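Report on the following structure.
What follows is calculated from the coordinates using simple rules that are stated; it is not laboratory data. Source: prediction; values computed, not measured. So basically every Cβ, Gly included, is an ideal-geometry build from the backbone, and we count neighbours across all protein chains shown.
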Amino acid sequence: MVQIARQSGKTAMFQEIKNVRSERIHYLLKRTNRLNGSETEFNQALADWGTLYSDPDACFDIEHRFSATEVAPYVTGDISPDQAIAVSALIPAPDKTATSEVSTKGDAISQALRYMGLSSGRSLLGLLIDRVFIGSCTNGRIEDLRIAAAIVKDKRIAASVRGMVVPGSGAVRRQAEEEGLAQIFIDAGFE
């Protein structure tokens, strides 16, 4: 089980299988639609997973540690996460090399820059925000929507900004509506 924990202003990512609580397993099974309501099957899965654990003296080939304070916020252009850049970075130039894959990607970046009215080499800092998009498959889980709703609750987006919220699935949409999150977004000016 991979966990991300926030500790003392730092984000630590680690892999741990030892001492997995049944609530976590139940949550994961439910979230992945693998819990069909059979308590017998759940208890068997829990017993099987209880035999999996990391050795106390386990060594890893490589370990990375990052401080969240050293990671700049990122924004994406267009609809592709591979076009994400740090807000403090300059807009990159499309790569026009000989390979068809890179050339196609370069064409997509050129098209995205034209669509957004941006040019390479320009800083993102200071650009006016006219659209905000929350959701889709990348950030459209109910957990993501809860965090975003907590941020915008009792606030309004500027009249010049179009805000859109797109849950990752129909089930997430229904749950967001049931929890009142959809109304929080509507009250804040989101579509």
What are the ³J(HN,Hα) couplings of the range 129-134, residue after residue, when phi is run through the Karplus curve with 6.51, -1.76, 1.60 and θ = phi - 60°? Round to Hz, x for glycine and proline.
8, 10, 9, 10, 10, 10
Under 5 Å between amide H atoms, partner at least 5 residues away or on a different chain: which partners does Gly135 have, H built in plane at 1.01 Å?
Val166
Can you compute the modelled spin-label distance between Ala84 and Ile151, with each label point 7 Å from Cα toward Cβ, in nm?
1.3
Once amide H atoms are built 1.01 Å from N in the peptide plane, which residues 5 or more positions from Gly163, or in another chain, come under 5 Å H to H?
Val132, Glu191
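Among Asp61, Asp187, which comes first, then next, by fewest other beta-carbon atoms within 10 Å? Spell out each step's value before the answer.
Working: Asp61 4, Asp187 15.
Going from sparsest to densest Cβ surroundings: Asp61, Asp187.
Normalising by the residue count of the range 131-187, find the relative contact order in percent from Cα pairs under 8 Å and 6+ residues apart. Provide the component values of the computation, followed by the final result.
Details: 66 pairs, mean separation 26.8, N = 57.
Rounded, it is 47 percent for the range 131-187.
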Need the full-extension length gain, Ser160 to Cys137, defined as separation in residues times 0.36 nm minus the C-alpha distance. One decimal, nm.
5.7 nm
